[in-house]
Amino acid sequence: MAKDGYCGKILRLDLSARTHSVIDTEKYREWGGGHGMGSAIFWDLVEDKTVSWDDPKNIVTLMTSPMSGTMVPSASGRVEVQGIGASGYPVRWFTRSNFGGRFGGQLKYAGWDGIVIEGQADAPVWVDIVNGDVQFRDAADLWGKDTQETQRSIWSLKDEEAHGWTNIGTSRDAGRTTQKPAVITIGSAGENRSSLGCLVHDAGNAAGQGGFGAVWGAKNLKAISVVGTGMIEVADPAGLFSARMLAKDEYAVAPGQQAAPNGPSIGKDAKPTLFYKRKTEVTMGPQACQGCINGCRPRWSDGLANESSCQETGVYTTFDALKHGAHTDASVIATDLVQRYGVNSYELSLGLKYLYALNQMGVLGPGLEIDVDLDFSNIGETEFAVDFITKVANREGIGEDVAEGFVRAAEKWGRLEADWASGVLDFPYWGYANHGYDPRSEVEWGYSSIMGERDMNEHGFNAHMWGVIYHMGAGLDVPVSAERYAEIVTSKMVPYEGDLSMVDYGTHNIYSESMAKLVVWQRHYTRFWKQSALYCDFRWPDLANFSAADNVGMTGDGEPLFWNAVTGDDMTFAEGIELGRRIWNLDNAIWVLQGRHRDMVKFAPYIYDKPVETSVVGPFYPLAGTVDGEWTYINALGRSHDRDGVEQWKTHFYNLEGWDAATGWPTRETLEDMNLAGVADALDAAGKLGGA
Amino acid sequence: MADTDKNASVEQDSAAQAGVSRRQFLTGFGGLGVGVVLGGSLFRGFLLPDEVVAIPASDGYLLVDSKKCQGCNTCMMACSLTHHGVQSLSLSRIQVVQDPFVAFPEDKSVLQCRQCPHPACVEACPTKAMHVDSETGVRTVDAAKCIGCQECVNACPFDTSRVVWNTADKHAQKCDLCKDTPFWNETGGADGKRACEQVCPVGAISFTTEIPLQSNEGYEVNLRDAGWAKIGYPIDDEGKINPATASAAH
C-alpha cells in the first residue's frame, strides 16, 4: 500500500528486452514527485544528454505526485511526461508535457509512482498493467487504430460488460473495481513519428507539446493501460478532508452555480472553455479530471469531441467561420479528429494559418512553388479539415512536409528567414507555435518560454488578463484595481514578496530586474508546485480569485496545506519554491549539455521587428501596469521587443539565478549551494560550467 | 422460530427506542417504505399480524443527479478517506461509472446504495452481519460478524452491487450514510453529514429523509437549477433541452 502519498515503486520498462524492473521511489523522494523525479531519473539513466529523440537510449518518464489519486483539489489527475522530444527548433530539447484525466490515480492505485520507458520494441507493443502485474502485449492489431478505437479495443479485452464490478486476476481477493482501465495511447500521428503526435488518454486528455507521440512511435509503443484496485495512505486523512472543504467553501463558487468572471483559478465554475459555439440541438454535461474542484470540459449529446475544451476546440474555427459566417459542425469534427488521430492542435492550428497565408501569397498550393495537394478553395469546409488532418497524421503529402514541425518545414522550403521576419510564421520561441499570449504583450509568457525549452503554457499571471476581459465583456467593473491586483499577487511571491513592479507590464518596466524576478519566481513555482506536485495549471496558482470573499486566492497557504496533509511533511510554500529552483537548475544543466548558450536564447526576429497589433480578443490586451507612476490596466498592444532591452533583461535573470551572465551556464557555487555538486562536475567535465 | 420471535421482540423494542411510529410504518408501506417479508426471516424487523415482518425504513437516503455529476470521483475518494483513512476507489461505497466516448447523459452512472425498503442484502446474510441499524434504520455491516460468504454482495438486486467487497480486509461493507467515519472531524449519519454530499463540487448529491420512489433508475433526482443553466447545462429532467433554446423560448 502506498504510504503518505507514495507507492514506493517506479516501474521501469525496457521495451527492447520486453522486461520490467523496479526503481525504489525513495531514491528520488528528495525531488518530490512529477517533474522533479522525472528530471533526476533522466539525469541518472541517460548518460549522453545529446542523444536523439528517436534513439532507443532516450527515455520517457510518466510521473505522478504523492497527491495523485487523492482528493487534493485539481491536483489528483495530472501526469508529467518528460524526455527528449521530437519537437523544437533549432534543438530538440529535453522537454516536458502533461496530461489530465484519471491515469495517474489508476497508476497509484496499481502501486506505482511512475513509469520509465526506455529502449525500442522490435514490433508494436502495448503494456498492460494490472496492479503489480506488468505484461508486454502484441499491438499489431492496435497499430493503425485511432485513439478511441485503441482504448475501446483494450477495454473490450478486459471488461466486456459496460457496468459492474470486475474481479482482478483469478483470486477472489486480488481486487475489484468498477472502473475502466486508464489507457494512454498514440494515434496515427505518433505511429508515423510526426512531431505533431500526441499522447491521448480517454477522450480529451493529451500530452501535446514536445511531440511525445512521435517518441512513442519510434519506440514502437502503442499504449499503456493501467488498472489498480489498491489504496493510497495519507498522513492526515481528517486534515485532508478539512482542507478540501476549506477550498470548496472559501475559494470555490457555490456548487453548481455560475462564478464571477475569473481567469483560470480555483474560483472558476464548471464551465468548459469553448472556442466554438455549437448548434442548439445538442446539449452538454460536465466532465472533470479526477479530484477537480470544478471541471473544465464537456461531454456532448452527440458524442462528438467529448472532453475537448479550450484550444483544441479552436483548431478550425477561424476558417469555419470565414467560410460559413458562423461555427458549424466542421469545427467540431476537426476537433474530434485531432483527438482521434492524436495531433497537436496548437501546432496544427497555427500551422494551417501559415499555410493559408502562403497560399494567399501565391507561394503554396497545387502547382505553385511549394506544390502541395490541398484545395484551399475549400478551406473552412469539413472535407478540407478531414483531408488536411488525415494527411498530417499519416505523413502524406503536406503531412510529410510538416512532420518535423512548421518551422523546419519553412526552413526546408527556403522561407524561414523571410517568414520569420514578416511574422507570417507565428512561431516565436524554440519553434513552438505562439500560444496567443504574445511575448511582446504578455512578456512573462515569452520570457519563460525562451528561458525554458518550449511554449511554457502556464496561466498563473495570464489568468488576470482573462479576468479583466471577462468583466469588461460583461459590462462589469473589475473587482480589484490594477494596484490591488499587484498587491494581492506579489504578496504571495516569496522570496520576492511585496515588489509590486514584478507585475508592472508597462513598457518602461519590461526589461527591469523586477520583471526578471517575476519570471524567476514563475520558473521556480511551477517547476515544483505545478509540474512536480502536479497542481493543475487551470486552477493553480490561485492568485486573485473573485469567488473568494476578499478576492485573494488560496495560493501560498493552499499548496503546502494539501501537500503536508498527504505526505506528513512540514514543507512551507517557500521551501517548495526552493525545491523548484533546484529542479529548474537540473533542467538547465541538461539543456547546457545539449548545447544551450545565452546567445541562443532569443525570440524569432519578428518579435523584435514588428509591433503586435491584436490579441486573442481583438484590439485590446489588458494587463496591470503603471503609467507615469499610476497603476492602471494598460493596453499592452502596439509594441515590439527591443533587442538590447531583452539582453538587459536576460542579464538580470542570469544574475538572479546565480548563473554565468556571459554564457547562461550554471556556476559551481550555485549548484553546490543546492547540493548539486555532481551536476557541476558533469558540466565541468563537458567544459560548460559557468564562470569557470 | 423461537429465535425469530425473540429477534422480533428485540426489534420492536429497538424501534420504539428509535421513535418509529405505527403511522410511519403505514405511510412507508404505502410508498414501499418498509421491507415486507413473510415470517420466518432471520433478520431484524417488526412482527406484524399474519406473520408479516416489516423492517424500519432508513432515516435517510442519498439522492444523485448523474446528469449533473462531473465525474471527478471526489465523492468516491471522500468515502474511502472518511471511512478507512485511505484513498481508494475500490473501497468506496458510492461508485461513479463512466465512458468518455459515450454521449451525454448516458456517459455516467452514479451508483449509490438505496437503503432498500426490502433489503435483499440483509435478508441474505446468514450471520446478521448485514443488518438494519437500530438507531438510524441504515442497512449496514458489522464487519466483526462478516464471514466473507459474499451472499449479500450477490443478493443486491442491482447490476452493480451496492455492497462492496473489501478485498483488503475481506469483509462486506456498504453505505452507512457516514455513521461510522472515524477519519472525519464531522459527525456523520442520517442526523449528521454525509462526506460525499458535502464534498461534491457541483452539488450533484443530496440527502432526504423522505422515502424516495423506488425505480430501476435509482434515486435519481434533478438537482439542476437556474444557476446550472447559466453555466450552459440543461436543467430539464432528460437533459435534452439546450438552455440557450430554453432562454429563447422564454
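Note on segment A:423-500: the C-alpha convex hull projects to 6.3 nm² when averaged across all orientations.
Summarised as an ellipsoid, segment A:183-285 has semi-axes of 34, 24, 13 Å, derived from the eigenvalues of the Cα gyration tensor scaled by 5 and square-rooted, with the largest first.
In chain A, taking the dipole from charged Cβ atoms about the Cα centre, the farthest positive-side position among A:664, A:274, A:171 is held by A:171.
Can you give the charge dipole size of the protein assembly as shown about its Cα centre, rounded to the nearest 20 debye, using +1 on the beta carbon of Lys and Arg and -1 on the beta carbon of Asp and Glu? Don't skip to the end; give the middle numbers.
Values: 81 positive and 122 negative charges, 196 e Å.
Charge dipole of the protein assembly as shown: 940 debye, to the nearest 20.
With label points built 7 Å along Cα→Cβ from the Cα atoms of residue A:421 and residue A:557, find their separation and express it in nm. Label-label distance for residue A:421 and residue A:557, simple model: 5.6 nm.
Beyond 24 Å, how much of the Cα-Cα pair distribution for segment A:2-233 remains, as a whole percent?
Numbers: 10255 of 26796 pairs.
Everything past 24 Å amounts to 38 percent.
Beta-bridge orientation, segment A:2-233: approximately 75 percent antiparallel, per DSSP, counting only bridges with both partners inside. In units of the rule-of-thumb radius 2.2 N^0.38 Å, segment B:162-250 shows an alpha carbon radius of gyration of 1.45. Based on the alpha-carbon gyration tensor of segment A:563-692 and its eigenvalue square roots a ≥ b ≥ c, which shape applies: rounded if a/c is under 1.5, prolate if not and a/b is larger than b/c, or oblate? Because a/c hits 1.5 or more and a/b fails to exceed b/c, segment A:563-692 counts as oblate. Relative to its residue count, segment A:116-183 spans a Cα convex hull of 109 Å³ per residue.
Panel note: the C-alpha atoms of segment A:78-124, placed on their principal axes, show extents of 40, 28, 15 Å (largest first). For the protein assembly as shown, the alpha carbon convex hull comes to 155 Å³ per residue, rounded to a whole number.
Between residue A:249 and residue A:360, the distance separating the two model label sites (each 7 Å from Cα on the Cα→Cβ line) works out to 5.5 nm. Computed over all pairs of different Cα atoms, the Kirkwood value for the hydrodynamic radius of segment A:299-338 is 10.1 Å. Its alpha carbons considered, segment A:184-240 gives a radius of gyration followed by a Dmax of 15.9, 49 Å.
Taking every pair of alpha-carbon atoms in segment A:477-534, give the share separated by more than 13 Å as a whole percent. Show your work: numbers first, answer last.
Numbers: 1029 of 1653 pairs.
Result: 62 percent of Cα pairs exceed 13 Å.
For segment A:342-489, the normalised intensity computed at q = 0.16, 0.18 Å⁻¹ comes to -0.91, -1.05 (log10 of I(q)/I(0), Debye sum over alpha carbons, equal scatterers, no solvent). Interface residues of segment A:201-232, defined as those with an accessible-area decrease of at least 50 Å² between the chain by itself and the complete set of protein chains (probe 1.4 Å), are A:231.
Based on protein heavy atoms only, the protein assembly as shown ends up with 33 Å² per residue of surface accessible to a 1.4 Å probe.
Can you give me the % of accessible surface on chain A that is carbon or sulfur? Probe 1.4 Å, all protein chains present, nothing else counted. Please report the intermediate quantities before stating the final value.
Numbers: 9940 of 21220 Å².
Heavy-atom surface of chain A belonging to carbon and sulfur, 1.4 Å probe: 47 percent.
Cα-based radius of gyration for segment A:643-692, normalised by 2.2 N^0.38 Å, reads 1.19. Heavy-atom accessible area with a 1.4 Å probe sorts A:249, B:142, largest first, into A:249, B:142. Taking the DSSP bridge list for the protein assembly as shown and keeping only pairs wholly inside it, about 80 percent are antiparallel. Across A:49, A:323, the residue with the most accessible area heads the list, and the full order at a 1.4 Å probe is A:323, A:49.
Based on the alpha carbons, how large is the Rg to Rh ratio for segment A:535-591 when Rh follows Kirkwood?
Working: Rg = 13.8 Å, Rh = 12.9 Å.
Value, to two decimals: 1.07.
Measuring nothing but alpha carbons in segment A:273-388 and taking Rh as the Kirkwood radius, the Rg to Rh ratio lands at 1.03.
Over all directions, how big on average is the projection of the convex hull of the alpha-carbon atoms in segment A:582-623, in square nanometres? Walk me through the numbers before you get to the answer.
Numbers: hull surface 20.8 nm².
Directional mean of the projected Cα hull area for segment A:582-623 stands at 5.2 nm².
Let a ≥ b ≥ c be the square roots of the eigenvalues of the Cα gyration tensor of segment A:443-657; is it rounded (a/c under 1.5), or, if not, prolate (a/b larger than b/c) or oblate? It is oblate, given that a/c is not under 1.5 and a/b is not larger than b/c.
Excluding residues fewer than 8 places away in the same chain, name every one of the lysines whose C-alpha is closer than 21 Å to that of residue A:271. Filter leaves A:248, A:279, B:67, B:68, B:108, B:230, B:240.
Per DSSP H run of at least 4 residues, take -39500 (n - 2.57); add these up for chain A, divide by its residues and hand me the 222 nm value, nearest 500 deg cm²/dmol. Mind showing how you got there, number by number?
Working: 23 runs with 229 residues, N = 692.
That comes out to -9500 deg cm²/dmol.
Could you tell me the total accessible area buried at the B-A interface, probe 1.4 Å, in square angstrom to the nearest hundred?
5500
Grab the beta carbon distance between residue A:310 and residue A:45, set R0 = 35 Å, and tell me the FRET efficiency rounded to 0.05. Could the numbers behind the result be given before it?
On the way: r = 34 Å, r/R0 = 0.97.
After rounding, the FRET efficiency stands at 0.55.
With K and R counted +1 and D and E -1, the other residues having a Cβ less than 13 Å from that of residue B:227 yield a net charge of +2.
The values are calculated or read from the model by the stated rules, or taken from the named source; none is laboratory data. Since we're looking at a predicted model, the values are computed, not measured. Note that each Cβ is placed from the backbone with ideal geometry, even for glycine, and that neighbours are counted across all protein chains shown. For the accessible areas, the whole protein counts, side chains as well, though only heavy atoms, and no ligand, DNA or RNA atoms are used. Shrake-Rupley method; radii C 1.70, N 1.55, O 1.52, S 1.80 Å.
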